[in-house]
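A short write-up of the structure that comes next.
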């Protein structure tokens, strides 16, 4: 059948497209995902603890987006400063000592923290 052939042909093309990475500046991706990574770090530093479940969830969501923007999976960018992925994991796990340590490391990052 013609339809089956088209589906099989399309799936091989789709597989190639899935592995394609588009290069987009971080700021543009932040705008697209409606997140401000610098402001999220600032909020995390200034928000009183313990965090409410709602605060923790909102900050974790933003840090997760920042980690995907600046430390995309499979790119070996774990050494990014600040390490949004570590901040996100510590916040979600409610590991305040690890979170504080990661925040101190983020404060020592050179230049704009993105």
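Throughout, read-outs are computed from the coordinates displayed, never taken from laboratory work. Because the structure is a prediction, the values reported are computed rather than measured. Because the Cβ atoms are built from the backbone with ideal geometry, glycine has one as well, and the counts that use them run over all protein chains shown.
When the residues of segment 57-101 are filtered to those that are assigned to a helix (DSSP H, G or I) and over 15 Å from the mean Cα position of the chain (by Cα), which remaining residue is surrounded by the most Cβ atoms within 10 Å (Cβ to Cβ)? Don't jump to the end; show me each part of the working.
As a first pass, look at segment 57-101 and keep what is assigned to a helix (DSSP H, G or I): 57-70, 84-92, 96-101.
Okay, now just the ones that are also over 15 Å from the mean Cα position of the chain (by Cα), so 96-101.
Details: 96: 13, 97: 8, 98: 15, 99: 21, 100: 13, 101: 14.
In this case the residue turns out to be 99.
The single condition among (1) touching a helix residue (DSSP H, G or I) at 6+ places or on another chain (Cβ under 6 Å); (2) free of Cβ contacts under 8 Å to residues at least 40 places away in the same chain; (3) within 21 Å of residue 27 (Cβ to Cβ) that residue 84 does not satisfy is (2).
If you go through segment 29-50 and pick out every residue that is on the phi > 0 side of the Ramachandran plot and surrounded by 13 or more Cβ atoms within 10 Å (Cβ to Cβ), you end up with 0.
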